[in-house]
Structure formats: structure tokens, C-alpha cells
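The numbers here are math on the coordinates, done by the rules we state, and not lab data. What you are looking at is a predicted structure, and each value in this text was computed from that prediction instead of being measured.
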Amino acid sequence: MAKTFRQMVDEARAATRAISPQAAHDLLRDDDRALVVEVRDLADIATTGLIPGAATISLGTLPKQACLERPPEKRDRRLDDRTRAIITTCEAGPMGILAAKTLDEMGFTRVAYLAGGTQAWVDAGFPTEPLVS
């Protein structure tokens, strides 16, 4: 049976863990290895900016970039450690939720999606930075 985008997000939400903007901020402050993965396409990031230090890896390329079977030069090495704390995000949350489920299925043990996405981060008063090309 075919699924809608909303159904896919709802299933992923039920199977993954959310983290609040405050908890994400605290984790990033306390764990220098924690990584935010921004999964929006680069053209869409200007609306909110990036959480400082975030890796930009689009949702479409995330599984390929995180695959340990690919040669090191063909993957994102920041995703090599499956025990690293990873926070996935997009503007409002749905794509970040799908990204968290993808990484969870790939064996990441400390992955969570940012509840409300980067917009919730901004609304909580935390800084962002512009995308530098």
C-alpha cells in the first residue's frame, strides 16, 4: 500500500526520539563531538540559517553519505562513528524526523530529531549562522 509523506513522517516519529531545542543546545554545549545534521537542500537554508557547526547533508544523500561500505572519500567521515550524538533537523521538523529514522536504521545509537526543527531553535532564542558557500 502506498504511503503519503505525512504517514511516513508519523511512522518515523513513532520510531525515533525527539530532542527539544533547549536539550539540543545543552548537548551541543556539553558534548563537543555532538553533531547537528541539517537535511534541507542548500537553497532552503536561508529561511532560518544554520545551527552553528551543523553539517549540511541533504535528506536524499544522507544514506549514501552515512554508508560505511562506501570508500572513505565517497562518504561523510563525520558519520563514521555510530555512537556519536547526532541531532537531525530541517526547517520545521518532518524531514529531520525521516533523517533520524534513516540513521537509526543504519545503526546510529544516539540519534534524535530536533522537535520543531531549526525554526523551533530560532524561536527558543538560540543563534543561527548564514550558509557560507
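Results, tabulated for the structure shown:
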read-out	value
Using θ = phi - 60° and Karplus 6.51 cos²θ - 1.76 cosθ + 1.60, couplings along the stretch 115-130 (whole Hz; Gly, Pro as x)	4, x, x, 5, 4, 5, 4, 4, 4, 7, x, 8, x, 10, 10, x
Span per principal axis, largest first, for the Cα atoms of the stretch 28-68 (Å)	32, 30, 8
Whichever aspartates and glutamates have a C-alpha closer than 19 Å to that of Lys3, once near sequence neighbours (fewer than 8 apart) are set aside	Glu11, Glu105
Alpha carbon Rg of the stretch 1-63, scaled by the compact-globule rule 2.2 N^0.38 Å	1.32
Leu35 long-range amide H proximity, modeled H, under 5 Å	Ala85, Ile86, Ile87
The stretch 17-123 - convex hull of alpha carbons, volume per residue in Å³	89
The chain - share of DSSP beta bridges that are antiparallel (%, nearest 5)	10
